[in-house]
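The values are calculated or read from the model by the stated rules, or taken from the named source; none is laboratory data. No experiment lies behind these values; they were computed from the predicted model shown. All Cβ positions, even for glycine, are placed from backbone atoms using ideal geometry, and neighbour counts span all protein chains on display. For accessibility, only protein heavy atoms count, side chains too; no ligands or nucleic acids. Shrake-Rupley method; radii C 1.70, N 1.55, O 1.52, S 1.80 Å.
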Amino acid sequence: MKTYQPKSIEAKWQKEWEKIGVYRQYARKKKFYVLDMFPYPSGAGLHVGHPKGYIATDVLARMKQLQGYGVLHPMGWDAFGLPAEQYAIKNKIHPEIAVKKNVAMFKKQLQKIGFTYDWEREISTTDPKYYKWTQWIFLQMWKKGLAYESYEPINWCPSCKTGLANEDLEQGKCERCGSIVEKRPMRQWVLRMTKYADRLLKDLDSRKLDWSESIKEQQRNWIGRSEGVEVTFPVAKTEEEIRVFTTRVDTIFGCTYVVVAPEHALIRSLESKITNLGEVKKYIKKSAGKSDMERTELTKEKTGVKLEGMEAVNPFNGEKVPIFVADYVLGAYGTGAVMAVPAHDERDFEFAKKYYLPIREVVASGKQAVSNKYQEKIKEAFIEDGILIDSGEFSGLTSAEARDKMTAWLVKEKLGEKKVNYKMRDWTFSRQRYWGEPIPLIHCEKCGVVPVPEKELPVKLPKVKSYEPTDTGESPLANIAKWVNVKCPKCKGQAKRETNTMPQWAGSCWYYLRFIDPKNRKALVDKKKEKKMMPVDVYVGGTEHATRHLLYARFWHKFLYDIRAVSGQEPFMKLVNQGLILASDGRKMSKRWGNVINPDDMVAQFGADAFRLYEMFMGPFVQSIAWNTDGVVGTRRFLEKVWKLQAKASSTKGDNKVIESLLHQTIKKVTEDIEEFKFNTAISALMIFVNAVEKENHLSLIAYRTFLILLSPFAPHISEELWRALGNKRSIFLAEWPRWDKKKIVSETMNIVVQVNGKLRAILNVEAGSDEEFVKSLALQDEKVKTHLAGKNIRKVIYIQDRILNLVVG
RNA sequence: GGGCGAGUGGUGGAAUGGUAGACACGUUGGACUCAAAAUCCAAUGCUGGCAACAGCGUGAGAGUUCAAGUCUCUCCUCGCCCACCA
């Protein structure tokens, strides 16, 4: 017997598997689609954290194939967008060349680990043959009015020199570079994602969607649906009115002023009537210069200016209240105006205190049935529901009742209506950068916006000398006259191409569909193939994509469903989010900290199989755990033991009952644990089996073969090597996954725990299924039990067959 | 401030309400060796004891139960996400 040398074994089988296409069993009847979130091929290459998810899907894919499924397990590259472009600028290489280089490096690194990826289906979002269809989907959206041009102020990153979507911000800062994001008015393309808000929300509750509650909750919060009422406050002595949105119309009798956002149109239309216009304009200018970050700074005191010379009229009691402009009210949410009820809203309360505005209580907590309006000082806003007071005919109602009745009254009087608002905004979809899909539209002076004809897709990204961003709000593409100036497809007159590009997240919105049919030239995916393979059965990736990729992709998928391009409403059935692998110092692995571990080194030192095993053995898959290279030693030792097992395997005789039972327990444990992503305990079960067999001097051939199959998803190379050493001509991955036999799992004797008052005193080994009388009599003979029973009466006996006997004494 | 999740040996972690610490790392002792590595054997939660053994023990406190790491309540700490959304 040779010694275990992973290097030669692994290279040999990787080549062989690729040659015979062992993973391409697509003709099988049952399908299983298991998908990884495809990576950005960054210049830094892989660190040991990246493959964790890929190994997990690979283990699952291999087991599913052994169980008879035709498994689709593809890999590709999400190579457009800022990370790739910034790397290219920094290293003075064209992004296209940099991406090619990085992809080659990533692929080489991945291939060493021995994945089941079907490289014939490899795709890259930057390939014109791919982004042709990204552009095509955009055009369909444009045709349905879901893509529109907007001039609203958007998030602008001064360092990346591009507009950003709300989803691209982290606490008011650019998610890429950490710069404080400014508000900048500019022309941009926006996708009407809010039109799908309700469906995106509702379908999260579909029982078929097996996602973690935390991700679903994050999406719910991000969509941020709230039901309320829009109420009209006429502006006294004018024809104007202010519409406000509120979820608490029950507090309207406590409204003591109205606030409009600095962006609100009312200010412009009433300019002539505002007596302190200078002051107001100064305030508006000041807040316009503020970033969202500064405007929403929580510690910041609220500021505002009263619009002198005008008042708003409360439709319920006719009361005239002052109007303020204040930047704590957001222009982009609801109507950009609110009714302020300081007694029952924390923000209004704070503002009212500062500007000495009246605070009027109109909701009493349930306990205080009587009005507490004479209370001298109110210390804080009472924001909960309660019983209405001082609210005219509505006094005495509960908040919920009042909301219904007041809304009904408003609707009847045509002074308001029910309204639903969302925190989620439409998706700012254009970027003023080079490295993205060109938006396939043409601007014609005569015809307006004209789509590029479908047969002319893709609109290829032209070669350009300088792909660095400009500061003009235009992408570098705007400087390429030859590319920009085109004939209008409609009138054949002079026209210009749209020069903005799509954001990084565009290509990943539908890539899972392309893997099904990657070379199709006529459609993004063949309908029959789509229907067979979709949805993705298991999708694995990081939790950081909760409110971006996963939301965007669901949005696109629903749109594709609506135009009958796909057959289902949701793309990803089961979603599993892996925990991070941290560096041994507990920080994230990063070049900056110099704590990166390269998988190549691990594979070279311990072998791919030991590396794969360790990543799965570290701990629960969803949990973040620090890397410890010592741990790989353990899984390598385990494989050495497995290697030595071949000396014990022979067909001359069967196994004893203990090993046979353990084998079936192991089949059950490994099968169930892989299905549930509990890889650590599955591996532990394999180790327990090997440790037990080591103590024997014989292992039956059938048990050995079964064990190899169980091990093969985790450690494919060594399993294949040992499998073929048995004389098998076909790959182990074309074998059949074992089933466990319930009868064999149950052993003949059981350990019964004997407790006295709940404390362990003895363990009895008895025949399985023994009755209480028998076990009790045996227990009473036990010396230790006797000591603890001495001088006491047995008051109660709890007996659970094959488990426990508890004697309660006193 | 809101939401979600987690606290178990020296370390990573295991445990359908039923033997807490499986499995692995590390450590200690021993075998093998001129020596080392590798490998093998043994021990390894804490306290007391030569030992048999006894007591204590899953962030803190209470409760339910014959029995709680697990269920309920209160509190503490940490992590992640969201955050002036009216």
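Annotations
- Peptides A:184-196, A:511-523, A:749-761 ordered by average Cβ neighbours within 10 Å, highest first: A:184-196, A:511-523, A:749-761
- Summarising the label geometry, the points placed 7 Å from Cα in the beta-carbon direction at A:Thr3 and A:Leu726 lie 2.7 nm from one another.
- Sorted peptide list for A:320-326, A:395-401, criterion being average Cβ within 10 angstrom, highest first: A:320-326, A:395-401
- Measuring nothing but protein heavy atoms, the accessible surface of chain A at 1.4 Å probe radius is 51 percent carbon and sulfur.
- Where only DSSP H runs of four or more residues are counted, chain A gives -10000 deg cm²/dmol as its mean residue ellipticity at 222 nm, each run worth -39500 (n - 2.57).
- Rounded to the nearest 10 square angstrom, A:His549 shows an accessible area of 10 square angstrom against a 1.4 Å probe.
- Residues A:Glu772, A:Glu241, ordered by accessible area of protein heavy atoms at a 1.4 angstrom probe radius and largest first, appear as A:Glu241, A:Glu772.
- The largest accessible area among A:Phe774, A:Phe572 belongs to the first residue in A:Phe774, A:Phe572, and the rest follow in falling order (1.4 Å probe, all chains).
- Per residue solvent-accessible surface (Å²) - the range A:493-611, probe of 1.4 Å: 39
- A:Gly334 sits among other residues whose Cβ lies under 11 Å from its own Cβ, and their net charge, with Lys and Arg +1 and Asp and Glu -1, is +2.
- If R0 is taken as 60 Å, the Cβ-Cβ distance between A:Lys522 and A:Lys796 corresponds to a FRET efficiency of 0.20.
- Remark: chain A carries a charge dipole of roughly 2880 debye about the Cα centre, counting +1 on each Lys and Arg Cβ and -1 on each Asp and Glu Cβ.
- Between A:Lys353 and A:Ser206, the modelled labels are 4.8 nm apart [label points 7 Å from Cα along Cα→Cβ].
- Restraint check, A:Lys143/A:Lys208; A:Lys100/A:Lys558; A:Lys455/A:Lys490; A:Lys183/A:Lys302; A:Lys320/A:Lys418, Cα-Cα greater than 21 Å: A:Lys143/A:Lys208; A:Lys100/A:Lys558; A:Lys320/A:Lys418
- Using the 1.4 Å probe convention, the accessible area of the range A:734-808 works out to 68 Å² per residue with neighbouring protein chains retained.
- Mean Cα-pair separation over length for the range A:23-83, i.e. relative contact order, pairs under 8 Å, 6 or more apart, %: 58
- Set of the range A:306-329 residues, backbone N closer than 17 Å to the point 7 Å along the Cα-Cβ line of A:Lys405: A:316-317
- Residue-level accessible surface for A:Cys491, protein heavy atoms, 1.4 Å, Å²: 50
- Rounded to whole numbers, the Karplus 3J(HN,Hα) couplings from phi for the range A:115-127 are 8, 8, 4, 8, 5, 5, 9, 4, 10, 10, 5, 8, 6 Hz, using 6.51 cos²θ - 1.76 cosθ + 1.60 with θ = phi - 60°, and x at Gly and Pro.
- Computed E for A:Ala27/A:Leu701 - FRET, C-beta separation, R0 35 angstrom, nearest 0.05: 0.65
- Take every pair of alpha-carbon atoms less than 8 Å apart whose residues are at least six positions apart; their mean separation over the length of the range A:418-522 yields a relative contact order of 34 percent.
- Each residue of the range A:44-49 is assigned a 3J(HN,Hα), and the resulting list reads 7, x, 7, 10, 5, x Hz, derived from the Karplus form 6.51 cos²θ - 1.76 cosθ + 1.60 (θ = phi - 60°), x at Gly and Pro.
- Cα-based shape type of chain A, given that a ≥ b ≥ c are square roots of the gyration tensor eigenvalues and the cut on a/c is 1.5: oblate
- Rounded to whole numbers, the Karplus 3J(HN,Hα) couplings from phi for the range A:148-159 are 9, 8, 9, 10, 5, x, 10, 6, 10, 8, x, 8 Hz, using 6.51 cos²θ - 1.76 cosθ + 1.60 with θ = phi - 60°, and x at Gly and Pro.
- Between the amide H of A:Ile242 and those of A:Phe233, A:Val235, distances stay under 5 Å, these residues lying 5 or more places away or on another chain, with hydrogens modeled in the peptide plane.
- Amide H partners (placed H, <5 Å) of A:Val536, local residues excluded: A:Met573
- Amide H within-cut-off set for A:Asn276, under 5 Å, with H built and near neighbours excluded: A:Glu308
- Alpha carbon centroid spacing (whole Å) that separates the range A:700-725 from the range A:420-441: 51
- Relative contact order computed over chain A (Cα-Cα under 8 Å; 6+ residues apart), in percent: 14
- Bridge type composition, chain A - antiparallel percent by DSSP, nearest 5: 75
- Ranked packing of A:332-342, A:258-268, most packed first, by mean Cβ within 10 Å: A:332-342, A:258-268
- When nucleic acids and ligands are ignored and a 1.4 Å probe is applied, A:Tyr26 ends up with an accessible area of around 60 Å².
- Cα gyration tensor shape for the range A:170-294, rounded if a/c is under 1.5, else prolate or oblate: oblate
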